[in-house]
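Working notes for the structure below.
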Amino acid sequence: MSEKSAAALLKEKLCMQRKSALLSADEKTVNDAFVFCEGYKKFLDDAKTEREANEVSIALAKENGFVPYVEGETYKAGDRVYFDNHGKAVAFAVIGKETVEKGVNITAAHIDSPRLDLKPNPLYEEIDLALFKTHYYGGIKKYQWTAVPMALHGVFVKKDGSVIKVCIGENDDEPKFIVNDLLPHLAQEQYKRSVGEVIRGEELNVLVGSMPFKDDKESGLVKLNILNILYEKYGITEHDFLSAELECVPAAKACDIGFDRSMIGAYGQDDRVCAYPALRAIIDVKTPEKTAIAILADKEEIGSDGNTGLNSAFLKYVVGDLARMQGVEVSVALRNSKCLSADVNAATDPTFQDVMERNNACHINRGVCVTKYTGARGKSGTSDANAEYVAYVRNMLDGANISWQSGELGKVDAGGGGTVAMYIANLGVDVIDLGVPVLSMHAPIETTSKYDVYMCYRAMYEFCK
Ligand code: MN
Ligand code: MN
């Protein structure tokens, strides 16, 4: 048996190991990760929009004993309640043994993802083709959204309040929709545009039909034919688009990536890759010491404003409701609370390594990523977690043998971004970002590692239990 050198021993004692966690992961854990991700892939397929994610999450929680919170009821340790926020955001809570005076443990992920929203008056006809005008939602590289099969999800709400759900393009036998791009042969002028302008916002027009309604005296017959199909299928007229929320998303289903099937490719993993682990963790929690709350929020991709986003009073009022029930001041509860802002970070891409600073970039398969701060231009627009809280999280993760890594969002001044962390921190809560590294973030298909997804779940569970 060869003795380790003094330097090797000293390295072990003093230096951080930054390498694939799969080198030392045991077979059972890797297996568990693969099994966990089968459920995750199903969630991705069933929950492509915030409304669907809200509905699917509540259904799964109800099967596991969660009931709608009722004002005036008294809940005891181990009780499970949820707060549905307009069908687009939701908070799940498992009541702890202690009152919320000592604080609550919050996980917060978002369930909205970048996409193409239909404009309020979307349908038009041009040279005998019918199209939808869109207004993109969130930060996208617009050129990536052309020539990709799309599905249409959302709702029409009629004047009487009735809601008509739409989901078309997901099944093999259903039609899809598409944004067409210019052929390379005639793209000489397009090539001169900057990358952000290769496809412009007003060029993200979705092709939806080409057959005219048979009557040669009228104009606009292709559009009319589409309206007729929609009337027969949904009972809606053109006016009903005004009170609709219709979202074009990539039609592809989640799939394994790689010969070794170690990764997942799917639309909307930012941030369902954290939302699903947060949901599963709160479901698996039994009777925690402190009340555990998992919040799945809307609107993160457009800045978290709006009544279903986390820059609203939603979380504050959820904690407030629980505090009032226990005769505790909400300010005291929030001040003593902790939060994992569960959002993705950018995994280092072998092809685009130069936007990363290698000592502080996260990697696929090194476990869940802890991000002390995000922001841009000198840490603006972020909550920079306190060292004391980072120490708490380190201790928790190491104590439970959870693979994790620290990561920054790219090089200083390479760009930047934000999460919901700062809005929760502004309530007085200790917050840090923790989530899964993602390749091709905000592209129609994003890539993650199964092992990292599972480590995210384990971190959420450890935090809440
Ligand atoms: Mn995100
Ligand atoms: Mn995002």
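Restricting segment 169-211 to residues that are touching a residue at least 12 places away in the same chain (Cβ under 8 Å) and of a type in the set (S, T, N, Q) leaves a set whose member that is surrounded by the most Cβ atoms within 10 Å (Cβ to Cβ) is ASN205. Just checking, does segment 288-305 include any residue being touching a residue at least 24 places away in the same chain (Cβ under 8 Å), away from ligand 2 (no atom under 16 Å from the Cβ) and of a type in the set (Asp, Glu)? Looking for residues that are touching a residue at least 24 places away in the same chain (Cβ under 8 Å), away from ligand 2 (no atom under 16 Å from the Cβ) and of a type in the set (Asp, Glu), one finds at least one in segment 288-305, hence yes. As a summary of the residue check, ASN311 satisfies the conditions (1) surrounded by 15 or more Cβ atoms within 10 Å (Cβ to Cβ); (2) in contact with a His (Cβ under 8 Å, 6 or more places away or on another chain) except for the one numbered (2). Annotation note: of LEU310, LEU334, the sole residue that is in contact (Cβ under 8 Å) with a residue 24 or more places away in the chain and either within 16 Å of ligand 1 (Cβ to nearest atom) or closer than 22 Å to LYS88 by Cβ (or both) is LEU310. Return the residues of segment 375-416 that are out of contact with any helix residue (DSSP H, G or I) (no Cβ under 7 Å at 6 or more places or on another chain) and of a type in the set (Val, Ile, Thr); say none if nothing qualifies. Those that are out of contact with any helix residue (DSSP H, G or I) (no Cβ under 7 Å at 6 or more places or on another chain) and of a type in the set (Val, Ile, Thr): VAL390, VAL393, VAL412.
In segment 94-127, how many are among the acidic types (Asp, Glu), closer than 30 Å to GLY209 by Cα, out of contact with any Cys (no Cβ under 9 Å at 6 or more places or on another chain) and touching a residue at least 12 places away in the same chain (Cβ under 8 Å)? The total comes to 2. Does ASP112 meet the test of being within 16 Å of ligand 1 (Cβ to nearest atom) and either of a type in the set (Asp, Glu) or modelled with pLDDT under 95 (or both)? So ASP112 fits the description; yes. Restricting LEU242, LEU207, LEU246 to residues that are assigned to a strand (DSSP E or B), in contact with a Pro (Cβ under 9 Å, 6 or more places away or on another chain) and either closer than 25 Å to TYR454 by Cα or at pLDDT 95 or above (or both) narrows the list to LEU246.
Scan segment 326-342 and tell me whether some residue there is in contact with a helix residue (DSSP H, G or I) (Cβ under 8 Å, 6 or more places away or on another chain) and within 16 Å of ligand 2 (Cβ to nearest atom). Checked segment 326-342: at least one residue is in contact with a helix residue (DSSP H, G or I) (Cβ under 8 Å, 6 or more places away or on another chain) and within 16 Å of ligand 2 (Cβ to nearest atom). The residue of segment 113-140 that is surrounded by the most Cβ atoms within 10 Å (Cβ to Cβ), among those that are within 16 Å of ligand 2 (Cβ to nearest atom) and over 14 Å from PRO250 (Cα atoms), is GLY138.
When GLY399, GLY378, GLY428, GLY435 are checked against the criterion of being out of contact with any Leu (no Cβ under 6 Å at 6 or more places or on another chain), among the small types (Gly, Ala, Ser), at pLDDT 95 or above and surrounded by fewer than 18 Cβ atoms within 10 Å (Cβ to Cβ), a single residue qualifies: GLY399. Checking each residue in segment 391-407 for being more than 16 Å from ligand 2 (Cβ to nearest atom), within 23 Å of the chain's Cα centre (by Cα) and either in a loop (DSSP other than H, G, I, E, B) or closer than 29 Å to ALA313 by Cα (or both) picks out VAL393, ILE402, SER403. Return the pairs, sorted by first residue and then second, in which the second residue is of a type in the set (Lys, Arg) and in a loop (DSSP other than H, G, I, E, B), the first residue lies in segment 260-275 and is within 16 Å of ligand 1 (Cβ to nearest atom), the beta carbons are less than 8 Å apart, and the residues are 6+ apart or on different chains. These pairs meet every condition: ALA266/LYS253; TYR267/LYS48; GLY268/LYS48. Of all residues assigned to segment 260-281, at least one qualifies as being over 30 Å from ILE424 (Cβ atoms), assigned to a loop (DSSP other than H, G, I, E, B) and not charged (D, E, K, R). One residue stands out among those in segment 420-458 that are among the β-branched types (Val, Ile, Thr) and closer than 16 Å to ALA278 by Cα: the one that is nearest to ligand 1 (Cβ to nearest atom), which is VAL420. The residues of segment 424-450 that are assigned to a loop (DSSP other than H, G, I, E, B) and either acidic (Asp, Glu) or closer than 14 Å to CYS369 by Cα (or both) amount to a single one, VAL436.
When segment 79-93 is filtered for residues that are in a strand (DSSP E or B) and without any contact (Cβ under 8 Å) to a residue 24 or more places away in the chain, the ones remaining, listed by number, are ARG80, VAL81.
The values are calculated or read from the model by the stated rules, or taken from the named source; none is laboratory data. None of these values were measured; they are calculated from a predicted model. Using ideal geometry, Cβ is built from the backbone for each residue, glycine included, and neighbour counts are taken over all protein chains shown.
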